[in-house]
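See structure below.
The values are calculated or read from the model by the stated rules, or taken from the named source; none is laboratory data. Predicted model only: the values in this text are computed from it and were never measured.
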Amino acid sequence: MKPMGRLVLLVPITLALTACMSNLEAKKMPGTDLSAAKTIYVQKLTADEHGVDQLITNQLTRMGY
């Protein structure tokens, strides 16, 4: 395959793969004490097809909430 042909294939693949990457993180305000929380609600978004709400729920359960 010619070098230009490889480039034509490589660029869209690279763009597609980098568009799928994300960084999920949660932050709490400094000084917030979560030990007093008895119940935490996790909202499921209708557009979520990856079960993120269940991952959050499982982690909170492991943490004792």
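With the checklist (1) modelled with pLDDT of 80 or more; (2) polar (S, T, N, Q); (3) within 14 Å of the chain's Cα centre (by Cα) in hand, flag the one item ASN23 doesn't pass.
Evaluating ASN23 over (1) modelled with pLDDT of 80 or more; (2) polar (S, T, N, Q); (3) within 14 Å of the chain's Cα centre (by Cα) leaves (1) as the failure.
Got at least one residue in region 36-53 being assigned to a loop (DSSP other than H, G, I, E, B), over 19 Å from the mean Cα position of the chain (by Cα), at pLDDT 85 or above and not β-branched (Val, Ile, Thr)?
No: zero hits.
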